[in-house]
C-alpha cells in the first residue's frame, strides 16, 4: 500500500493511501470522515445532474457506519433530489415491515425522508423471496447505477455478501443469502438487536457484481471494530475470504476511514 500524504489538513484529513486501484482517505475523526465523504458524493451527484434531463441512480447501504455520511448529505446544497432514483443494497427476510431494524425504515428515517428523492425503491423482506429478487433485479436493470455508497462489515462483507456466500462472478443481481454468524453478531455489536437470537438468519442482497457495476463507489468505514476487516480489504489477497478485497479492482472508488478504523 502506497502512502500519498501524511499531514492533518483543515478538513481533518490525516493521510491518503492507495491499494491498487483503490484510494483510501484517513480522517482524524468519524465526523470529519463523514463530512468529507458527503462532500465528495454530493459533488458527484451535482456534476451528473448538470446534464439536462439526467437522472442519477444511487444505491445506499443501511448501517450505523453510514450515519455521518447521511447527515452530511442532508446538509449538501445544490442537489435536485427530485432527479435522484434511490435503491438500497440489502434487507432482512422475515422481519416485521415496521421494525426499526428494517433497512428500508433506517434509510427513510436517516436520509430519504429528509431529502425526498424523486424515486425510492425499497427491498421488501416480507414478500416471497424469489419474486422479490426478480422484481428488484428488474428495477436495477432498467439503467446503469451511477453511484454506490457502501460500507465494509466486520467479517469483510459488502452488502450481505459474507465470505461463505460471496461470489465475484455471481450470475444474478439480487439473491437470498444465509447470514454468517459473524455478520449477525455485528448487528448486536452495533446495537441494532439486543441478542444474537433476535437477528434474522436470512436476507436479500445485491450481489458483488451488482455492487461493482456502479460507475462510482464511495466506501465509508469508521470505528475500531472495522480495523481488522479494513486491513484485510486493503492488504489480503483478493478473494471471497474477505469479500471487500474486490473493491481494489474497481476503476473509480474512494474509501473514507477514520483513524480508529485505519489503525496504522
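The values are calculated or read from the model by the stated rules, or taken from the named source; none is laboratory data. Owing to the predicted nature of the structure, the values given are computational and were not obtained by experimental measurement. Ideal geometry is used to build each Cβ from the backbone, glycine not excepted, and the neighbour counts take in all protein chains shown.
Restricting attention to strands (runs of 3 or more DSSP E) lying wholly within the stretch 1-91, give those where 3 or more residues are touching a strand residue (DSSP E or B) at 6+ places or on another chain (Cβ under 7 Å), within 20 Å of residue 105 (Cα to Cα) and modelled with pLDDT of 95 or more.
56-60, 84-88
Looking only at the stretch 147-159, which residues are under 12 Å from residue 208 (Cβ atoms) and either modelled with pLDDT under 95 or not in a loop (DSSP other than H, G, I, E, B) (or both)?
148, 150, 158
Quick check on the stretch 115-132: of everything there that is in contact with a helix residue (DSSP H, G or I) (Cβ under 7 Å, 6 or more places away or on another chain) and surrounded by 14 or more Cβ atoms within 10 Å (Cβ to Cβ), which residue is nearest to residue 170 (Cα to Cα)?
Here the residue is 123.
From (1) surrounded by fewer than 21 Cβ atoms within 10 Å (Cβ to Cβ); (2) without any contact (Cβ under 8 Å) to a residue 60 or more places away in the chain, pick out the condition that doesn't hold for residue 55.
Unmet for residue 55, out of (1) surrounded by fewer than 21 Cβ atoms within 10 Å (Cβ to Cβ); (2) without any contact (Cβ under 8 Å) to a residue 60 or more places away in the chain: (2).
Among 110, 135, which is at pLDDT 95 or above, touching a helix residue (DSSP H, G or I) at 6+ places or on another chain (Cβ under 9 Å) and assigned to a helix (DSSP H, G or I)?
110
Would you tally the residues in the stretch 163-186 being in contact with a strand residue (DSSP E or B) (Cβ under 9 Å, 6 or more places away or on another chain) and more than 15 Å from residue 228 (Cα to Cα)?
Qualifying residue count, the stretch 163-186: 13.
Output the number of the condition that residue 191 fails; it satisfies all remaining conditions of (1) buried (at least 24 other Cβ atoms within 10 Å of the Cβ); (2) on the phi > 0 side of the Ramachandran plot; (3) out of contact with any strand residue (DSSP E or B) (no Cβ under 8 Å at 6 or more places or on another chain).
The single condition residue 191 does not satisfy is (1).
Residue check: is residue 94 within 28 Å of residue 124 (Cα to Cα), in contact with a strand residue (DSSP E or B) (Cβ under 9 Å, 6 or more places away or on another chain) and at pLDDT below 95?
The answer is yes for residue 94.
Please determine, by comparing only the residues of the stretch 219-245 that are assigned to a helix (DSSP H, G or I) and touching a helix residue (DSSP H, G or I) at 6+ places or on another chain (Cβ under 6 Å), which one is farthest from residue 162 (Cα to Cα).
Going through the qualifying residues, I end up with 224.
Spot the failing condition for residue 17; the list is (1) in contact with a helix residue (DSSP H, G or I) (Cβ under 9 Å, 6 or more places away or on another chain); (2) more than 20 Å from residue 247 (Cβ to Cβ); (3) in contact (Cβ under 8 Å) with a residue 24 or more places away in the chain, and only one is missed.
Going through the list (1) in contact with a helix residue (DSSP H, G or I) (Cβ under 9 Å, 6 or more places away or on another chain); (2) more than 20 Å from residue 247 (Cβ to Cβ); (3) in contact (Cβ under 8 Å) with a residue 24 or more places away in the chain, residue 17 breaks only (2).
Kindly indicate whether any position in the stretch 66-84 is over 15 Å from the mean Cα position of the chain (by Cα), without any contact (Cβ under 8 Å) to a residue 40 or more places away in the chain, closer than 17 Å to residue 214 by Cβ and crowded, with 17+ Cβ neighbours inside 10 Å.
Taking every residue of the stretch 66-84 in turn, at least one turns out to be over 15 Å from the mean Cα position of the chain (by Cα), without any contact (Cβ under 8 Å) to a residue 40 or more places away in the chain, closer than 17 Å to residue 214 by Cβ and crowded, with 17+ Cβ neighbours inside 10 Å.
Name every residue in the stretch 160-185 that is under 22 Å from residue 218 (Cβ atoms), in a loop (DSSP other than H, G, I, E, B) and out of contact with any helix residue (DSSP H, G or I) (no Cβ under 6 Å at 6 or more places or on another chain), in order of residue number.
Hit for the stretch 160-185 is 160, nothing else.
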